[in-house]
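The values are calculated or read from the model by the stated rules, or taken from the named source; none is laboratory data. Just so we're clear, the structure is a prediction, and the values are computed from it rather than from any experiment. Because the Cβ atoms are built from the backbone with ideal geometry, glycine has one as well, and the counts that use them run over all protein chains shown. Areas reflect the complete protein model, heavy atoms only, side chains present, ligands, DNA and RNA absent. Shrake-Rupley method; radii C 1.70, N 1.55, O 1.52, S 1.80 Å.
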Amino acid sequence: VLALLLAKCLNRDISAAMRCGTRTLLICLTLLNSSTAADEDLRLRLLELTEEMAAMKKELVAVKSARRLQTETEKPPSVHGESEGTRAYTDVESLSIAMDSAWLIICTALVFYMQAGFAMIEGGCCRAKNVQNILLKNLTDVCVGIVSWWLVGWGFAYGGPYNDGFKVSGFVGMEEFAGLGFYEKDGVGNIEPTPTTLNWVFQCAFCSAASTIVSGGVAERLNYPVYLFYSFCLTAFIYPVVVAWSWGYGFLASMNDVGYMDFAGSGIVHMTGGTGALVGAVLSGSRLGRWENPEEYTPHSMPLIVMGTFTLWFGWYGFNCGSTLAMSSAADGFKAAQVAMNTTVAAAAGGITVFSLRIALTRGMYDIGGFCNGILAGLVSITAGCANVEVGSAFCIAILGGCFYQGASMTLQKLQIDDPIDAFAVHGVCGCWGTLAAAIFDWAGADFYSGWCGFSCAVGKDGKCLEGAAYQGFIANLCEVVVICIWTAFWSIAVLYPFRSMGLLRATDEMQLYGFDVKKHSPTKAYVNETRIDKEEIRRQEAEEAERIRVEAEKEAQRKKKFKPVKRLNELAGG
C-alpha cells in the first residue's frame, strides 16, 4: 500500500503530492500504533517525516499566496474597484494610502502655520509704524506663492520627463503645469486620483516659506510692487529650479554614487531664502538713519517675537518630521521619531548658545531677541541632517550653528548691511552650515554613508555598503551649497537691480520717515490704542535729515571746487 501511494505522489503536482503524502503519513502512524513499541527507530523516522510534511505545507501556502498576489497586482489598482482593466486596492494598500495622506496633510498644516510665526517675528522686529506693511508682504508671499507654484512652480520642480528615476535634463521639469496630469480619466467619465495632489500640497507650503524669509531682510524700505514681483519670480522660477536639482531628482541627486543629502531643506529652502534676503538688503540699502540713530530701530514688540519663535518651533515638527513623506511602516515611524528628537534638542542647544554669547558680549545683559534667533539658528542647522545624524551630533551641530549665526550677525553690522531680522545670518549662514553638517556628521561613520537610506548604509551594485561614500556625500552637499548661492544671488540681482536703476526699488525718505502704514494703508495704524504720531518729533527728524543733506551737498561742492583748477588746466592744454 505504501509503495503504491508513494508512486502516485511522484506523478502529481505539489498540491496532489501534499495530499498523498498526508495519507501516507496517516497509514504509517496507524501501522506504528498497531506494532510493538520496541521499534524506536521507526518511530523517530516517522516523527521527522511529520515535521517535513508540516514544512512542505507551510511552503505550499506561501507559494499559493504569492501566486494570488502576483495575479492581482498585474492590474493597476483603482478607487472604482474591480473592472476589466483594473483591480480594487488591497486592504494593506488602502490603509497605507490613508495613513500617508493623513500624515502629510497634518504636517502640511503645521508648515503652513509657520507663516503666522514669520508674521509675528517680522512684525515684532520692525517699528510700529510699518507693521501693516510687513504683514501685507507675509500675506502676499503665501497667496502669490500658492498661485505661482500651481501655475509653473510644481512643473519646473517635479515635472518630468524622467528616466530610471532621475530627470532626463537633470536641470528642470517640463510637465504637469497648472495641475495637468494630476488625474487620470477613463472613457466613461470616471476620474482616477494620483498621489501627486498630496505631494503638491505639502511642497507648496515649503515654497511659501522660502519666499517669506526674504521679506524680513528687506523690511521697512522696499516698495511693495517691487516685492510683489520678486515674490512671484522666487516662487515661480528661482526656488522651483533649486528643487528640481535636488528633491526633484536632478543632477544633485545623480552626481555620484550617493548624491546630496538635504532631508528637509537647510539648503534648498532656507539658504535660498537667506541668499535672496542678503541680495535684497544690499541692493535696497539701509533704512533711513539706521546707523546714525540705532536706538530708534529696536524691536517694537518683544512678545510678538517670542510668540512667533514658539510658533515656528511648533511648525518645524511638520517641516522636518513630515519630510519622511510617509507613515505606513515601522521604519517610517522610527525615522519620524528620530527626526523629532534631533529637532527638539537642536532648537534648545542653539537658543542657549546664542543667549550665552549675548550675555558675554553685553557684559551680563539678557537679550531675548538673540535667544529667539538662536533657537531658529539651531532649527535651521539641523534641518538637512535631522534624519541621518545621532542626537549627540545634533546637539553639536546646533551649538556650532549658534556660533556661526552670532558671527554672521556681527559681521553684517560691521559692514553696515541692514538686515532687520537677521534673515541671512539665521537662514543663509546656518542653512549653509546645516547642509555641510548633514554630510560631516552622518551616523554611518567616517568611511560609509547613510544619507537618504536612513537606518541603513548606502550600498553599491554588489549589495554591500559603499566604502568611501562619506567623501562623495560631502562633495555632493558642497556642490549643493555653491550652486544654490550662485543661482539665487544671480537671479535676485537680475530681478531687483533694474528697479534700483530706475529709482523704484527703495521707498522715499518721506515714506520711511512717516511710515508705510500712514502713507499707504487704511487704517493708518496697526494698533487701536496706538498714540498719534508726534508732529514735533517728525519735524525734528525732518530738520536733522535736511541738515545731513546740506552737509553732504557742501562736501560735494568743495570736492568739485578742489578739482576745478585741474580741469581748467586740461582745457587750456587742449586749446
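In degrees, nearest 10, range 0 to 90: what is the angle between the Cα axis of helix 391-414 and the longest Cα principal axis of the chain?
Tilt of helix 391-414: around 20 degrees.
Computing the accessible area with a 1.4 Å probe over protein heavy atoms, can you report the carbon and sulfur percentage for the chain?
C and S fraction of accessible area: 65 percent.
Sorted by accessible area with a 1.4 angstrom probe, largest first, how do ARG87, ARG506, ARG559, ARG290 fall?
ARG559, ARG506, ARG290, ARG87
Among LYS75/LYS335; LYS129/LYS519; LYS167/LYS335, which pairs are too far apart, with a Cα-Cα distance over 20 Å?
Distance filter (> 20 Å) returns LYS75/LYS335; LYS167/LYS335.
With unit charges on the beta carbon (Lys/Arg positive, Asp/Glu negative), name the residue among THR488, VAL528, CYS453 whose Cα is farthest towards the positive pole of the charge dipole of the chain.
The listed residue farthest towards the positive side: VAL528.
Assuming R0 = 45 Å, can you tell me the calculated FRET efficiency for the pair LEU228 and ALA62, based on Cβ-Cβ distance, to the nearest 0.05?
Calculated value: 0.15.
Taking a virtual spin label 7 Å from the Cα of LYS555 along the C-beta vector, which residues in segment 263-307 bring their backbone nitrogen under 19 Å of it?
285-294
Solvent-accessible area per residue for the chain at a 1.4 Å probe radius, Å²?
Value returned for the chain: 50 Å² of accessible area per residue.
Give the residues of segment 359-399 whose amide nitrogen is closer than 17 Å to a point set 7 Å from the Cα of ALA340 in the direction of its Cβ.
Residues 386-388, 391 fall inside that zone.
Which label belongs to the value computed from this structure, given these candidates for volume of the Cα convex hull per residue in Å³: (i) 272; (ii) 196; (iii) 162?
(i)
Measure off 7 Å from each Cα along the Cα-to-Cβ vector at MET502 and LEU478, then give the distance between these two points in nanometres to one decimal.
Calculated label separation equals 4.2 nm.
Relative to the first principal axis of the alpha-carbon coordinates of the chain, what is the inclination of helix 91-125, with its axis defined by its Cα atoms, in degrees from 0 to 90 and to the nearest 10?
10
Can you give me the Cα centroid spacing of segment 187-247 and segment 119-171 in angstrom?
Using only Cα atoms to place each centre, the spacing works out to 3 Å.
Please work out how much length the chain gains when fully extended from MET302 to ALA54, using 0.36 nm per residue of separation minus the C-alpha to C-alpha distance, in nm with one decimal.
Full extension of this stretch gives 82.0 nm more.
Kindly express, to the nearest 10 degrees and within the range 0 to 90, the angle between helix 224-233's C-alpha long axis and the longest C-alpha principal axis of the chain.
Here the helix axis deviates by roughly 30 degrees.
Just how large is the dipole of the chain about the Cα centre, in debye to the nearest 20, putting +1 at every Lys and Arg Cβ and -1 at every Asp and Glu Cβ?
1500
Rounded to the nearest 500, what is the chain's calculated 222 nm mean residue ellipticity when only DSSP H runs of at least 4 contribute -39500 (n - 2.57) each, over all residues?
-21500 deg cm²/dmol
In nm, to one decimal, how far is the ARG548 label point from the SER254 one, both placed 7 Å along Cα→Cβ?
5.4
How many nm separate the modelled label positions at ALA360 and LYS461, each set 7 Å beyond the Cα in the direction of the Cβ?
Label at ALA360, label at LYS461, 5.2 nm between them.
Just how large is the dipole of segment 45-202 about the Cα centre, in debye to the nearest 20, putting +1 at every Lys and Arg Cβ and -1 at every Asp and Glu Cβ?
560
Applying a 10 Å radius around every beta-carbon, put 253-263, 295-305 in order of their mean neighbour count, most first.
Ranking the peptides 253-263, 295-305 by packing returns 253-263, 295-305.
Stretched out fully, how many nm does the piece from ALA102 to ALA494 gain, at 0.36 nm a residue minus the Cα gap?
Once the chain is fully extended between ALA102 and ALA494, it gains 137.0 nm.
Distance between Cα centroids, segment 301-339 to segment 389-433: provide it in whole Å.
That distance is 20 Å.
Once the piece of chain linking ASN199 and HIS80 is laid out straight, how much longer is it, given 0.36 nm per residue of separation minus the C-alpha distance between them?
Length gained, ASN199 through HIS80: 40.6 nm.
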